[in-house]
There are 2 protein chains.
Amino acid sequence: MENWNIIAEGFSKADVTKHESIFSLGNGAMGMRANFEEDYTGQTLQGSYIGGIYYPDKTKVGWWKNGYPEYFAKVLNAPSWIGLHIRINGQLLDLNTCTEVKHFRRQLNMQEGWYLRSFVAVLPNGEEIQVEVLRLLFMRFDKIGAFRYEITPLTTSANIEIETYLDSGIKNSDANWDELFWNTLEMDTFRNFGYIGAETKKTAFRVGTFMENVLFVDDEEQNITPTVNRTDTHLGLCYQVAVEKDHTFRLEKYGGYQTQMMLGKHYRFFRWLRFFAHRGFEALLKQQKQCWASIWNTSDIVIKGDVKAQQAIRFNIFQLNQTYSGEHAHLNIGPKGFTGEKYGGSTYWDTEAYCLPFYMATKGAEVARNLLLYRYRQLPEAIANAQKLGFTDGAALYPMVTMNGEECHNEWEITFEEIHRNGAIAFAIFNYTRYTADTTYLAEYGCEVLVAIARFWAQRVNFSAEKQKYVLLGVTGPNEYENNVNNNFYTNYLAQWCLRYAAEQVRLLGKEEIPAEEIAQWLHIAQNIYFPYSEHYGIYLQQDGFLDKDLLPATAIPAQQRPINQHWSWDRILRSPYIKQADTLQGFYFFEDHFTKEQLQKHYEFYTPFTVHESSLSPCVHSVLASALGKTDEAYELYLRTSRLDLDDYNKEVHEGLHITSMAGTWLSIVEGFGGMRVKDGELHFCPRLPKHWESLTFKINFRGEIRTIELK
Amino acid sequence: MENWNIIAEGFSKADVTKHESIFSLGNGAMGMRANFEEDYTGQTLQGSYIGGIYYPDKTKVGWWKNGYPEYFAKVLNAPSWIGLHIRINGQLLDLNTCTEVKHFRRQLNMQEGWYLRSFVAVLPNGEEIQVEVLRLLFMRFDKIGAFRYEITPLTTSANIEIETYLDSGIKNSDANWDELFWNTLEMDTFRNFGYIGAETKKTAFRVGTFMENVLFVDDEEQNITPTVNRTDTHLGLCYQVAVEKDHTFRLEKYGGYQTQMMLGKHYRFFRWLRFFAHRGFEALLKQQKQCWASIWNTSDIVIKGDVKAQQAIRFNIFQLNQTYSGEHAHLNIGPKGFTGEKYGGSTYWDTEAYCLPFYMATKGAEVARNLLLYRYRQLPEAIANAQKLGFTDGAALYPMVTMNGEECHNEWEITFEEIHRNGAIAFAIFNYTRYTADTTYLAEYGCEVLVAIARFWAQRVNFSAEKQKYVLLGVTGPNEYENNVNNNFYTNYLAQWCLRYAAEQVRLLGKEEIPAEEIAQWLHIAQNIYFPYSEHYGIYLQQDGFLDKDLLPATAIPAQQRPINQHWSWDRILRSPYIKQADTLQGFYFFEDHFTKEQLQKHYEFYTPFTVHESSLSPCVHSVLASALGKTDEAYELYLRTSRLDLDDYNKEVHEGLHITSMAGTWLSIVEGFGGMRVKDGELHFCPRLPKHWESLTFKINFRGEIRTIELK
């Protein structure tokens, strides 16, 4: 295990899809799984994604409910530019059919931003070749990537036939109706350059996919005129090269995407690629290292004395930077980033609840502001979404899952009822303002969002004559192992807070267009909102009736029935006391200073035994709270669980992609947990409580424009 | 409006699918919508169904939950035997493209069991023909049907080209994945006889579809050798006949199905059809009248002084008899019978809760016993279903929707949580025994079912430390406008009753294999089960928290928002107080003698204002209870609503098919409601409370083998 590298050695067909996820590359604008360039007939999940290029896939549902969206917008598997067909003396290179794969090794260099794969293949005829492939997606100019593919025949001289191709005949493996999402419009070649222009169906995003190829033998460039292999959705350039035993053939392939492509205008991109190809792969690699050095300069975390924890946090920071750079205002952070199809690359409340603090502290206020503006720009759709559910007068309900502001999700208990997301979006405005001291966002944009959200809560409550309080019926909290409950503490608390915060900001900013009676009503509701509470335990209940459950701790569940979401029927999960992710405790995390430490301790100790952490977003919150309670060992265990979730594949699902948004939670576990960082009265405060075996913890923070290095021991 | 006939006059393209439902024919073994025999290019829902011939259609679901079934078994649209292509002097007869359709009339004669359609068509070239079609599905020999199709040219002599065909290239319009469900295996013709052998995919039901044709001009049989028109899924016999103006061409077509068909063995069926054809259509019609006379003899209800009510109840009784004859032990009663595809022809709790009393009282104990045995035979699947959800030791959960005992439904809040169905199945055993005095069913079969159901309830409850009572968490009651609630009164009450009834029967029957401790535990749970109750209102609450709702009566809903299930998003419905169908009151209906009349009145008056009756199964229960409370006007209004639901198309959904199971509820509204019939201590009791304008109410009842005529004034 290395501080700066992820290394996997040995070839196992069962691990291919898992490692395709872990060794994914991205540059904030696009990303790709670590698929092999050459043919591979074994199990693989091919994936190459371009931020913002999505398709509204027709909703699939068993039983339609009024209000469901017509489609789920998903970031598409994009045309591929990395493909190679390779024959060595007529033998196809395919690691699935090779006689043996020796010395197989993958390395992700996080410090410098590249991925290396090497192996020796014993071909079916017994000949051996050594292959080494170094790949990167360029950070500085985020439309391109490149790889260097080297082949050295080890047992005999080789006639290498290589076809380097573009492929627009790609599918999404999660397509609801097995449709193809791309139409291929045009293709062209010029010497070693190839181009395919394709368009997404329905959304009509035009994307150009390009390649430029440079061939060498032992560093000597080869001028070979390729033959062209062209089908409706495939454009290949075919070369033949003779290489002596122990000499090295090398292909440098540059490729990438131009979005908003105009038909017939691909020569500009050709010139770009030629420019990079002319300077050469080494020059590109050098620039890549520089980019990553400057990223690490504002975001690195150094843990002395714990290589496992060190490697994990770097992997998390690296992936977060690969996913979102903050440079494109229309992009956001999908739960799997560019590493898989699951969750469709769409935006969830993860962004506001978990990711914002990381980007705010490592990239600065402008990037965080962009994340807030993303929601501001989607306010009209959030209002329309609320209207669809019967709300009026400009009340807004932000979608659970979205690409362009419209709701994409279609499970009633989530789509219509997991409404706490609205609160996280308001909380992010507060959090941003607290951290950055930038009050202009609130004045110019934020307040409008807060008002629309407050209006939603004011309409969503109803007055219970029985309780003489306002109640919130039929909601789903962050703990999705309970559906359609009444008076979820976290939701009610957020609603109360939103109503008060909106009222306060409207008054502070002198927004006279909001009637005083309306504000008075918000405050009246906030004052009289109901919270389920147990006198016996001295705790707020997750929701009405929680204490009626059979309150056995999660340790009572037989090991072979874990995770319960893979073994228990849904009703059994729902009536159990088991909590998928921090729910009541999520409220304590957001509003720590609203409660005493004794309250925190009581709630933490009551809910933890029932929490099964079957959401990747759960252990990080528990870890931060455990740290605050001085339970450092527990915090450390939770930290490892969240930070190495993918590297150690705890949940056996890494093959689907990485858990990107929870990686921001990992960062919180360290900075807010072990580091105890808080912003109070405009000042940073720290309260180090490091795991015993850590010699020191050092991290970089951008606080109000200044990069600070915090070293804690 | 006629006592014995349903008549619709005038041709309206918008009404075609609706009338296809209303004029459906069935004979207990098969049924068909009132599709036109000749071509019709307008909107139509083609449907011909054979009881028990189903296909396991692959489940379609948005988000999979553990425990969902892999398929939904649905009764298939079967190959059609009625089809005709007709050309008059070269003009295709198609009512959608005729210049005019005059004197269009449909008549369903319920007394005699036939359906007549007649019209004058003005063809595109101006020629006019008169058509009259009389159709029946034969009750006595339930594999066949026949129709007599008469054409009289009114304006000129006509060359009639007629192709009479079988079609196995049919689709289900509700196919989840747009698949065809039938494979055509063989076809054959012999003179005027045609045959197609087809097989359902997956389930491999082999069905032979047959036809025999006899042609006449003015009663003179025509011996014409047909030409054969044969494609992969179509077999037609083509004839040409010249008919003078004002003379009548007549086709008598006999057709039907042989299930469990052996390939190449279709000549037996040919001989049957020839036998009927030889005797002639009139003979068949005469026999049909006799069959229906004997059905009416044990089931008719005569209402003097109210033709609207009279016609409605006869329509309901007629359809119930068309749907289920009690002669085939493997069949049951689908909510739409043989009149449409919705609900897949599968069995719901409707059978036990609503239909059993009708069939028991009009067809006798043997038929009712068959309905109970249907569930007994499916006990192993019900146990397997419970195991899938984590239950053990022979606990059974009967499916919500089933064809062969396996669960078909896939909405978690229904499939897993609408568990009260288990109670209705136990109640039916009690109800049967009470009505028939046949205790052998309990001893031989019923007790085994009761024990498995009691075991389910005993495991499904949990002890609430908070309440010091047993609770039932996460259920859905009959009111499906609430999902995943705690302590639904109806469900808890049924659970309590089931546990006690099972314990009692086990003891009475001396079933020593059931441990005494287990029975003691059932009784302990029953004794300590929790019921939500409001001291303030003096009523049991539908579920925990019901009084937290915004308790506005349904009259507060703007008319244009009714029915709410077509206008409100699902979450809004769920948190509203509105009740889809009798829920708490369903319990009062089943266990009337467990409560005082005052209690009934309080509950009826509390829940009625919130009840929107958006289930067809709701008004009948309210009607019976209203009668019991002396609210006869209200009972009458509810009776009309339920009995004329389809005839008057209250819910604008008759085009999908008829509400067959609620028709049994209509019967209950009269017999138990206005007639006040109860069985107490082995005796029939009546308590007439007739609507004021009814002169008398007379009905037939089979009570313990004796047909009694009850006349009430």
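Solvent-accessible surface (1.4 Å probe) assigned to residue B:687 amounts to roughly 60 Å². Taking a straight line from the alpha carbon of residue B:631, these lysines sit under 16 Å away, with near neighbours fewer than eight places off in the same chain left out: B:597, B:602, B:692. Distance from the axis that maps chain A onto chain B is least for the Cβ of the chain A residue given, with the whole Å value, as A:484, 2. The accessible-area ordering, largest first, of the residues B:202, B:342, A:13 stands as B:202, A:13, B:342, per a 1.4 angstrom probe. For A:58, B:102, A:336, A:692, the ranking by accessible surface with the largest value first comes to A:692, A:58, B:102, A:336, using a 1.4 Å probe. Here the spin labels are modelled as points 7 Å beyond Cα on the Cα-Cβ line, and at residue A:709 and residue B:247 they lie 11.2 nm apart. In this calculation the C-beta distance from residue A:219 to residue A:290 is compared with R0 = 22 Å, giving a FRET efficiency of 0.40. When shorter helices are ignored and each DSSP H run of at least 4 residues is given -39500 (n - 2.57), the per-residue value for chain A at 222 nm works out to -9000 deg cm²/dmol. Relative to the longest principal axis of the C-alpha atoms of chain B, give the angle of the C-alpha long axis of helix B:267-279, reported between 0 and 90° and rounded to the nearest 10°. That helix lies at roughly 70 degrees to the long axis.
Any idea what the dipole of chain B comes to, in debye rounded to 20, about its Cα centre with Lys/Arg Cβ at +1 and Asp/Glu Cβ at -1?
My answer is approximately 820 debye.
For chain B, find the longest principal axis of its Cα atoms and tell me its angle to the long axis of helix B:307-323, 0 to 90°, nearest 10. The two axes meet at around 90 degrees. Centroid-to-centroid, using Cα positions, the stretch B:33-56 and the stretch A:526-544 are 57 Å apart. Among B:476, A:233, the sequence by solvent-accessible area, most first, with a 1.4 Å probe is A:233, B:476.
Residues in the stretch A:648-664 carry Karplus couplings, in order, of 9, 6, 3, 9, 6, 9, 4, 4, 7, x, 8, 8, 5, 5, 6, 5, 5 Hz; the curve used is 6.51 cos²θ - 1.76 cosθ + 1.60 with θ = phi - 60°, and Gly or Pro positions show x.
A simple charge model with +1 on the Cβ of Lys and Arg, -1 on the Cβ of Asp and Glu and nothing else charged puts the dipole of the stretch A:320-469 at about 280 debye relative to its Cα centre. With N counted as the residues of chain A, its alpha-carbon radius of gyration over 2.2 N^0.38 Å works out to 1.00. Once the partner protein chains are put back, the stretch A:404-419 shows a loss of at least 30 square angstrom of accessible area, versus the chain by itself, at A:411, A:412, A:416 (probe 1.4 Å, ligands and nucleic acids excluded). Projecting 7 Å from Cα along the Cα-to-Cβ direction, the label point of residue B:535 sits 1.4 nm from its equivalents in the other copies, listed shortest first. Using a probe of 1.4 Å on the protein chains alone, the accessible area found for residue A:631 is around 50 Å². Distances from residue A:232 to itself in the other copies, using label points 7 Å out along the Cα-Cβ axis, amount to 2.1 nm in increasing order. In this structure, residue B:555 and residue A:327 have a Cβ-Cβ separation that, at R0 = 56 Å, corresponds to a calculated FRET efficiency of about 0.45. Straight Cα distances below 18 angstrom link residue A:469 to the lysines B:549, with same-chain residues fewer than 8 positions distant left out.
In this label model, residue A:599 and residue B:591 are separated by 4.3 nm, measuring between points 7 Å along each Cα→Cβ vector.
Averaging the Cα positions of each part gives two centres, and for the stretch A:468-501 and the stretch A:207-237 these lie 58 Å apart.
Straight-line reach from residue A:13: taking Cα to Cα under 16 Å and skipping same-chain neighbours fewer than 8 places apart, the lysines in range are A:102, A:652. Couplings 3J(HN,Hα) for the stretch B:425-437, derived from phi with the Karplus relation 6.51 cos²θ - 1.76 cosθ + 1.60 (θ = phi - 60°), are 5, 5, 4, 4, 5, 4, 4, 4, 5, 4, 6, 8, 6 Hz, where x marks Gly and Pro. Association of chains B and A removes close to 3900 square angstrom of accessible area from solvent, both sides included, for a probe radius of 1.4 Å.
Of the cross-linked pairs B:304/B:680; A:18/A:201; A:58/A:201; B:18/B:342, those separated by over 19 Å at the C-alpha level are B:304/B:680; A:18/A:201. Placing +1 on the Cβ of every Lys and Arg and -1 on the Cβ of every Asp and Glu, with nothing else charged, gives the protein assembly as shown a dipole about its Cα centre of roughly 600 debye. In order along the stretch A:466-473, phi translates into HN-Hα couplings of 5, 8, 6, 9, 7, 10, 10, 9 Hz, rounded to whole numbers, per the Karplus curve 6.51 cos²θ - 1.76 cosθ + 1.60 with θ = phi - 60° and x for Gly and Pro. What's the carbon and sulfur percent of chain B's accessible surface, probe 1.4 angstrom, rounded to a whole number? Its accessible area is 47 percent carbon and sulfur atoms. Accessible surface for residue B:375 stands near 10 Å², nearest 10, in the context of the full protein assembly shown (1.4 Å probe). Could you state, as a whole-number percent, how many of the C-alpha pairs of the stretch B:37-122 are farther apart than 17 Å? When every Cα pair of the stretch B:37-122 is considered, 69 percent fall beyond 17 Å.
Helix A:632-643 and the longest principal axis of the Cα set of chain A meet at an angle near 50°. Heavy-atom accessible surface of the stretch A:89-142, averaged per residue, reaches 33 Å², computed with a 1.4 Å probe. Sorted shortest first, the separations between the residue B:516 label point and its copies elsewhere in the assembly read 7.9 nm; each point sits 7 Å from Cα along the Cα-to-Cβ line.
The values are calculated or read from the model by the stated rules, or taken from the named source; none is laboratory data. Model, not experiment: these values are computed from the prediction. Glycine gets a Cβ as well: all are built from the backbone with ideal geometry, and neighbour counts include every protein chain shown. Keep in mind that these areas ignore ligands, DNA and RNA; they rest on the heavy atoms of the full protein, side chains included. Shrake-Rupley method; radii C 1.70, N 1.55, O 1.52, S 1.80 Å.
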